[in-house]
Each structure stands twice: as C-alpha cells, then as structure tokens.
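Novice: Have a look at this one.
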Amino acid sequence: MTVDDLSAFRVLPVVTAREVDATVRLARALHAGGMRAIEITLRTPEALAAIAAVRESVPDLLVAAGTVTSAAELEQVVAAGVPLALSPGCTDELLAAAVAAPIEFIPGVATASEVMRVRDAGLRVSKLFPAVPLGGVAILKGLAGPFPDMLFCPTGGLTRDNFRDFLDLPNVVCCGGSWMVSDKLVDNARWQDIERLAAEAMAVS
Ligand SMILES: O=C[C@H](O)COP(=O)(O)O
Ligand SMILES: CC(=O)C(=O)O
C-alpha cells in the first residue's frame, strides 16, 4: 500500500461493529458518500463476521482491521484476508509479527521513543493515538522536527470541525475518526446523514 493510497483515504472511519447487518448498511452509506476505506475494530465478538460481510457486500471499499493488539489477532486478520491492520499501540511481539506478515500494518504511537521503534522496524506510517489528548496538531508539528521521514494517521478526538487542521499538516497522510459512524447515527439508521458526513469528509477544501 503506497502513501498515495493512504492519502486517498483522507479519513478512515473507525467502526465498532455491534451488529453485522447494520455494519454492512453503514459501510454502504460510507461508500456512497465517497469513502474509500473503513476500519473495523476487533473490539466486539461480531468484528470478524462484520469484516467478512462488508468485504463481500461492498467490494470496492477497502476494509482494514483495527484494534489489533497481539500477534494472535494479527494472524486472525491475515486469515480474514484484509490488506491493512492498525493498532492503537505497538508491542515488540506485534511489530515483529507484522513486519513478517503479508499485510500492511500501521502501529499506534504516542511518544518519540515509540516513533523511533516503529522506524527501526522499517515502517514509515504510524497512527498517533489518542491524537487530540496527546496534543493534536501541536504534537504532530513537534514530531516533524526529529522525524521528517515519518508520516502519521492521527486518530482519537478528531471531529468534523477539526479534522481538516490535521489533514493540512505535511506529516499527516490520513486521519481516523468515528464522528460519522457514531452509535447514535447507526442505532437510529441515519444512513443518509452518515452518507452526507462521509461526503463532507471526502470533499477536498
Ligand atoms: O477509540 C477511538 C477510535 O479509535 C476513534 O476515536 P474517536 O472516537 O475519538 O474518533
Ligand atoms: C484506536 C484505534 O483506532 C484502534 O483501536 O485501532
């Protein structure tokens, strides 16, 4: 997966799948709004079934697996055939497994030392998580100094009002967020609102 592929995502909606059919409906609305990718987190028992169902029902949407926190979970998502796995952090075990696995991996970082560990593993892109509590735009500007070769996907605390500030930074390749896929929108079947929020996020301003 190239940096251009990731930057075409603009926003990676971070989805916690509580129900398979609703997740498929959600994925259709995101795709209809122009989204290129979705991150389905391994936070619920339904996650792997939802990943399979969305891959089958919305084949043009890239399905990534999120909240991959161990080598065992990485094995599961490799077996599920997803091209991209993301994590809120990175352990030595997970990093070693990911570098050896036939999958793209974006580990989470929160400190300069973690960025160095990720760079030492040969990876160039990491997820800054949780981005806003860590300092938001200011921490990304700070990391740009010592790590001009590293790119970030800030996630955590981004909203429809602030995500463009992140995308404008030269060291941000794409960003993650759940503002267009909230439980409230999904539970109320607000598919048109989700599509509209997705289209708004994909509109380059
Ligand atoms: O755990 C949270 C998700 O990764 C995305 O964060 P968010 O809900 O603040 O957008
Ligand atoms: C934090 C996040 O986006 C993840 O759990 O992968």
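Read-outs throughout are calculated quantities, based only on the coordinates presented, and are distinct from any laboratory measurement. Note that the coordinates shown come from a computational prediction; the quantities given were computed from them, not determined experimentally. Glycine gets a Cβ as well: all are built from the backbone with ideal geometry, and neighbour counts include every protein chain shown.
Novice: For Thr69, Thr2, what's the fewest-to-most ordering of other Cβ within 10 Å of each Cβ?
Specialist: Thr2, Thr69
Novice: Under the definition of Cα pairs under 8 Å and six or more residues apart, what whole-number percent is the relative contact order of segment 17-138?
Specialist: 18
Novice: Out of Val68, Ser126, Ile139, whose Cα points farthest toward the positive end of the dipole of segment 65-205 (charges: +1 Lys, Arg; -1 Asp, Glu; placed on Cβ)?
Specialist: Among Val68, Ser126, Ile139, the one farthest towards the positive end of the dipole of segment 65-205 is Ile139.
Novice: Let me ask another. If you average the C-alpha positions of segment 101-154 and of segment 57-71 separately, how far apart do those two centres end up, in angstrom?
Specialist: 20
Novice: Would you kindly calculate the translational diffusion coefficient of segment 3-203, applying Stokes-Einstein with the Kirkwood radius from alpha carbon pairs, for 10 °C and a viscosity of 1.306 mPa s, and quote it in µm² s⁻¹ without decimals?
Specialist: 95
Novice: Could you tell me, in Å, what Rg and Dmax come out for the Cα atoms of segment 19-128?
Specialist: 14.2, 41
Novice: Grab the alpha carbons of segment 1-66, take their convex hull, and tell me the volume per residue in Å³.
Specialist: Hull volume over Cα atoms, normalised by residue count, gives 72 Å³.
Novice: Viscosity 1.306 mPa s, temperature 10 °C: give me the Stokes-Einstein translational D for segment 74-145 in µm²/s, with Rh taken as the Kirkwood radius over C-alpha pairs.
Specialist: The calculation lands on 125 µm²/s.
Novice: Residues with amide H under 5 Å of Glu19's amide H, sequence separation 5 or more or different chain, H placed in the peptide plane at 1.01 Å from N; which?
Specialist: So Glu19 has HN proximity to no qualifying residue.
Novice: Same structure again: Report, in debye and to the nearest 20, how large the dipole of the chain comes out about its Cα centre when Lys and Arg carry +1 and Asp and Glu carry -1 on their Cβ. Write out the running numbers ahead of the final one.
Specialist: Numbers: 17 positive and 24 negative charges, 76 e Å.
Rounded to the nearest 20 debye, it is 360 debye.
Novice: Let me check against my output: what whole-number percent is the relative contact order of the chain, with C-alpha pairs under 8 Å and at least 6 apart?
Specialist: Relative contact order for the chain comes out at 23 percent.
Novice: Let me ask you something else. Using the Cα centre of the chain as origin and beta-carbon charges of +1 (Lys, Arg) and -1 (Asp, Glu), tell me which of Val204, Ala80, Ala37 is placed farthest towards the positive end of the dipole.
Specialist: Val204
Novice: Provide the FRET efficiency to the nearest 0.05 for the Asp4-Asn188 pair, computing r from the beta carbons and using R0 = 35 Å.
Specialist: Between Asp4 and Asn188 the formula returns 0.45.
Novice: Please rank Leu134, Leu62, Leu86, fewest neighbouring Cβ atoms within 10 Å first, as an exposure proxy. It would help to have the intermediate numbers written out before the result.
Specialist: On the way: Leu134 17, Leu62 20, Leu86 26.
Placing the least packed residue first, the sequence is Leu134, Leu62, Leu86.
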